[in-house]
Amino acid sequence: MTDQDVEVESPTSGLVSHVAVDVGDAVGAGDDLVVLEVMKMEHPVAAPAAGVVVALGVAPGDEVAQGDVLLRLSARHDEEPAGSSEPTEDPDAEPELLEELRQRKQLLRDEARPEAVSARHERGHRTARENIDDLLDGSSFVEYGGLAIAAQRNRKPREELLRDTPADGLVTGTGTVNAKSFGVENARVAVAAYDYTVLAGTQGHTNHLKKDRLFELAASERLPVVLFAEGGGGRPGDTDVVKASHLDVPAFHLFARLSGTVPLVAVVNGRSFAGNAALAGCADVIIATDDTNLGMAGPAMIEGGGLGKVTPDDIGPAELHRRTGVIDVPVSDEAEAVAVAKRYLGYFQGDLDDWDCADQAALRDAIPGDRRRVYEVRPIIDTVFDRGSVLELRPDHAAGMLTCLARIEGRPVGVIANDPGHLAGAIDGDGADSAARLLALCDAFDLPVVALVDTPGFMVGPDAEEQAQVRRFGRLFAVGANLSVPMVAVVTRRAYGLGAQAMMGGHLKVPVATVGWPTSELGPMGLEGAVRLGFRRELEAIEDPEERAEREQQMIELAYANAQGLNVATFAEIDDVIDPAATRDRIRTAIGLRPHRPAGWRHRSPRRPHLELW
């Protein structure tokens, strides 16, 4: 061994897997000399300097210990080792696996399927990724499971599945919505969008697994979920699955368990049948376009059940579901649907600093002087709450009960209001259901409630009882009695009977503030009915019809004087009678009594096992 020789020692214990050089070979610094195998992993040993191999101490299969000499080099400084003058590889070339990954990612883009996207656009619809891009802030989308393909490897070539079934027809991930207004912490959401250009947006084996993953993530991280539900339901064509019933799919259970824990939004456009519709039906709110058909089965299943042949357009059109109340917010197209979804989520993300309101003096003339004259309640709501902040839910269902989300000085609240233009404001079964659902929604997600009361009470009569009202009215009482968020009640005109009590959580002292306008009147039942029932014998004893009618009117006027809010306030049964123009201030002060945390529902256990979905 000369002064120029260098001994190359083993850096670890292992098995010699491969010797890359022989005696006499010239090597450069960094060239591989020997490959060791340790725990099934290969560890190359590189030349510490340029030189010539003068001796080998090991052969393939030898076991070596750390520090054993593997070979000896004679260092050479007078010439470059062979092969070191020029690089053997293009330094700018991508590694093979990275290039494959890049190509696979490109297949996920809409640009990779121009014909499918063009067909989608020709129908006036957007792609799943276009909707997600519109919903989420900037580049905040982080996709989960994008490389998935349909479970059909047994019937189709892999390359075909990669090309035609990107993401297995369901785009899932997380991102932020309204982060600029509410901050990133309160803006994170989970999103799942069925891709109708891939196997008609059907529910395949792999995309079920993706939903499971997303919904479990939403539960653990307390993320609201936005579901774009267009699609044809279950997919019978997946062959790479060994199953019999296919009834052990967790996605429906996992999504339904999120109810009352995080806000759930379903956006529906086009055809949404079977499993897709089932998921949409579990959401807190369904936003649907005019082009929607929503039903629990598509044409094939209906025909298979012996129920005849129908077209997709015959099943659950938007016009029908606007009336039934299945659709909470009707919209014209997907762009409007996404805008409403972002707005809806905002009510659960916190307060807004910038707000404006109408001139409150207009409220002084909102109620007609004639107590029997109907009026429009929507202008009152638009005036009381921040300008442009009111989102009405189910506007074509339960005409006598308005349910809305709104803001007052930037703070989100829920609103229930009787509409005297329908059944004089009487609460029917549909109205009770809608009010109970709005109360439960607000209770789940920390929104105060404002009740604008003008009702003669619950709807009565033999025909009314055909609608199971005893139970439906009972539900309104039960939900209101268990509210944990503050309620403010404003009696604009009439508050009579059990219906008025139900509007206020059970009785006048449940709200943190119960106030009346000067036009308010309160009593155990409608004035006319109370007089005729309470003084029937006295009135029947008057034989002259004109005298009887005159006496009855006198009694009604006396009852009205007794029922006026200004009189009721003298008994301290309500907290105050206020100038209508002061309504905003009174609401703001009352709900300000309860501490408020933006998106406070994220930081506590859910109060309710689930929301009222109907």
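For the reader, a short list of remarks on this structure follows.
- Label sites at LEU56 and ASN562, each approximated as a point 7 angstrom past Cα along Cα to Cβ, lie 11.6 nm apart.
- Proximity of backbone amide H atoms, modeled 1.01 Å from N, is registered between CYS357 and ARG387 at under 5 Å, excluding neighbours fewer than 5 places apart on the same chain.
- Protein-only accessible surface order, largest first, of LYS342, LYS180, LYS105, LYS309 at 1.4 Å: LYS180, LYS309, LYS105, LYS342
- Principal axis dimensions, the range 21-65 - Cα atoms, whole angstrom, descending: 31, 18, 14
- Whether the range 141-231 is rounded, prolate or oblate, judged on the alpha carbon gyration tensor where a/c under 1.5 counts as rounded: prolate
- Percent accessible area from carbon and sulfur atoms, the range 125-246, protein chains only, probe 1.4 Å: 50 percent
- Distance between the 7 Å Cα→Cβ label points at VAL374 and GLU9: 9.8 nm.
- Element breakdown for the range 427-494 at a 1.4 angstrom probe: carbon and sulfur atoms account for 54% of the accessible area.
- For the chain, the longest principal axis of the Cα atoms and the long axis of helix 545-563 meet at an angle of about 50 degrees.
- Crossing angle, helix 205-221 versus the chain [Cα axis fit, 0-90 degrees, rounded to tens]: 70 degrees
- Two-decimal log10 I(q)/I(0) for the range 184-275, as the Debye equation yields it once each C-alpha is a single scatterer, q = 0.19, 0.20 Å⁻¹: -0.92, -1.00
- Length released on extending from LYS156 to GLN103, taking residue separation times 0.36 nm less the Cα-Cα span: 17.1 nm
- Equivalent ellipsoid semi-axes - Cα gyration tensor, the range 97-165, angstrom: 23, 18, 11
- Heavy-atom accessible area per residue - the chain, 1.4 Å, Å²: 47 Å²
- Degrees, to the nearest 10: 469-481 long Cα axis against longest axis of the chain: 70 degrees
- Of all lysines in the structure, the ones whose alpha carbon falls short of 30 Å from that of LYS180, not counting any fewer than 8 places away in one chain, are LYS105, LYS210, LYS211, LYS342.
- Across the range 256-267, rounded Karplus estimates of 3J(HN,Hα) from the backbone phi angles (6.51 cos²θ - 1.76 cosθ + 1.60, θ = phi - 60°) give 5, 5, 6, 4, x, 9, 9, x, 10, 10, 10, 10 Hz, Gly and Pro being marked x.
- Here r is the Cβ-Cβ distance between VAL38 and GLU336 and R0 is 56 Å; the resulting FRET efficiency, rounded to 0.05, is 0.35.
The values are calculated or read from the model by the stated rules, or taken from the named source; none is laboratory data. Just so we're clear, the structure is a prediction, and the values are computed from it rather than from any experiment. Reconstructed Cβ throughout: ideal geometry from the backbone, glycine too, with neighbour counts over all protein chains shown. Ligands, DNA and RNA are excluded from the accessible area calculation, which covers all protein heavy atoms including side chains. Shrake-Rupley method; radii C 1.70, N 1.55, O 1.52, S 1.80 Å.
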